[in-house]
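S.K.: Right, I'll just put the structure down here and ask away after.
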Amino acid sequence: MENYIANKDESVILEEYKSTDNIVADVKAIIETAQNSAYEAINAVIIRKNWLIGRRIVEEEQQGKDRAVYGTHLISELSKSLTSDLGSGYSPRNLRNYRDFYQTYSEDEIWHTRVPNLTWSHYRALLRVDDKKARDWYMSETVREAWSVKTLERNISTQYYYRLLKSQVKEPVIEEMKDKTKAYQLDKLEFIKNPIIAEFLGLSQNTSFTETELESAILNHLQKFLMELGKGYAFVARQQHIRTELSDYYIDLVFYNYILKCFVLIDLKSGPITHQDVGQMDMYIRMYDEMKRSEGDNPTLGIVLCSDTDEDVAKYSLLNGSEQLFASKYKLYLPSEDELRQEIEVQKSIFLQQKESETGFCCPG
C-alpha cells in the first residue's frame, strides 16, 4: 500500500502536467490532477481499511462456539463502541459489508489489480451481486469502461449483464445503456460528494451540493419559521445523511418536537410533488424510526414540500397506522398547508427581488 501511494503523489502531478499558452487551463489541470491523486490515495487507504476490518471480524467470529449468534452479537457491540468513539460510518450494516468484502475478495484481487479504478462505493454495489460470474463481469466492465458508481448501480439493478447474455444483437442494448447513464458519467466531482470520504477524514459532510440558491433560501426561511412558531420545535440537522444498501440520501431539514415527542422530517422538491417523493419520505420515516426513535417517542412525521406552489404544496406522511393520531393531535402543532404555501411564496418573492437588485434585470415571476 505504501509503495502505491508513494508512486501516485508528486511524480504523477509532474508527469501529467504540461505547460500550454493558456494559464487558466494549465492551473485548472494542475489542481484537478492534484485532487485526483489525493483522492486515489485516500480511496486506496479506505479500501484497505475496510478489508482489514472485515478480516479482523471474521477472525474474531471464528473463535466463537456458535459463529452465527456470536457474530451477530460481536458486530452489534463493535458498532456501538466504534460509533461512540469515532462517530458515524460504523453501523452494523457497514461492518457486515466489511466482513462480506473480506470473504468475497482476496487481498491480491482488491489491491494489486483493482484499487486504481474502483472505490469502496463500487465494491459496496458489487457485494449485492450473488452470482460470481456476473459480479466479476460487472467489476471488469467498471474498470474497463470507467463506470461511475451510479452507472454501476443502474446496470446491476436493470440486470444489464443478463440482458446482454440473452441478446443476439448486443449493440442496441449497449447503446441504450450508454444513453441512459450519460449524465452519470459527466459528474467529475462525484468523489467530492461521497460522504464516505468525509466520514473517513472526520470532516463535516457537504450539505449544500444538492441545493439550488432558491431551494437553499427557502430552507433557511422554513428553518427559522418553524423555530419561531413557539410550538415545541428544536432544530436537529440540515441535509442529514441517510444511507441505504442502494444509495445515499439527504433529508433537507430535521426537527424534534418536544411537545409531540417525535421527529419531524422536511424534504423540499424543486418540482411538483410525485408519488415517488412521498414514497421516498415514507422510507426516510421507516429508517428514522429504526435508527433514531427512542422509547416514549411518537412515530416520526414527514412533510414533503415543493417550491412550485400549487394545490399539492405539502404532503404529510405518517406510517404505522397513526392517521388518527395525526388528525387529532399532530395538526395542533404543525403549520397548515396554507401557512407553508405562504412562507414559500414570501421567500420566493424576497429571493427574486434580491436577484433583480443584484443584476438590474427583472426576474421572471
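The values are calculated or read from the model by the stated rules, or taken from the named source; none is laboratory data. Values in this document were obtained by computation on a predicted structure and should not be read as measured data. Cβ: placed from backbone, ideal geometry, glycine included. Neighbour counts: every protein chain shown. Protein only, heavy atoms only, side chains kept; ligands, DNA and RNA dropped before computing areas. Shrake-Rupley method; radii C 1.70, N 1.55, O 1.52, S 1.80 Å.
S.K.: Check off (1) in a loop (DSSP other than H, G, I, E, B); (2) modelled with pLDDT of 85 or more for Gln103 and give me the number that stays unchecked.
M.R.: Failed condition: (1).
S.K.: Here is a follow-up. Among the candidates Ile42, Ile46, Ile53, Ile23, which residue alone is modelled with pLDDT of 80 or more and open to solvent by 60 Å² or more (accessible area, probe 1.4 Å)? Spell out how you get there, then give the answer.
M.R.: Values: Ile42 fails: open to solvent by 60 Å² or more (accessible area, probe 1.4 Å); Ile46 fails: open to solvent by 60 Å² or more (accessible area, probe 1.4 Å); Ile53 fails: open to solvent by 60 Å² or more (accessible area, probe 1.4 Å).
None of the others qualify; the one that does is Ile23.
S.K.: Give me the residue from segment 216-236 that is aliphatic (A, V, I, L, M) and surrounded by 15 or more Cβ atoms within 10 Å (Cβ to Cβ) and, out of that set, farthest from Leu340 (Cα to Cα).
M.R.: Our first condition is that a residue be aliphatic (A, V, I, L, M); within segment 216-236, this holds for 217-219, 222, 226-227, 229, 234, 236.
If we keep only those that are surrounded by 15 or more Cβ atoms within 10 Å (Cβ to Cβ) too, we end up with 217-219, 222, 226, 236.
Values: Ala217: 14, Ile218: 11, Leu219: 11, Leu222: 8, Leu226: 10, Val236: 20 Å.
Among those that are aliphatic (A, V, I, L, M) and surrounded by 15 or more Cβ atoms within 10 Å (Cβ to Cβ), it is Val236.
S.K.: Still on this structure, I have one more. Quick check: is even one residue across segment 181-191 within 30 Å of Ser37 (Cβ to Cβ), at pLDDT 75 or above and not in a helix (DSSP H, G or I)?
M.R.: Yes, segment 181-191 has at least one match.
S.K.: Every residue in segment 246-277 that is open to solvent by less than 40 Å² (accessible area, probe 1.4 Å), within 18 Å of the chain's Cα centre (by Cα) and of a type in the set (A, V, I, L, M, F, W, C), please.
M.R.: Ile251, Leu253, Val254, Leu265, Ile266, Leu268
S.K.: Among the residues that make up segment 106-126, is at least one of them outside any helix (DSSP H, G or I) and at pLDDT 90 or above? Walk me through how you get there before you give the answer.
M.R.: Kept after step one, since they are outside any helix (DSSP H, G or I), are these residues of segment 106-126: 106, 115-119.
Subset that is at pLDDT 90 or above: none.
Within segment 106-126, not a single residue is outside any helix (DSSP H, G or I) and at pLDDT 90 or above.
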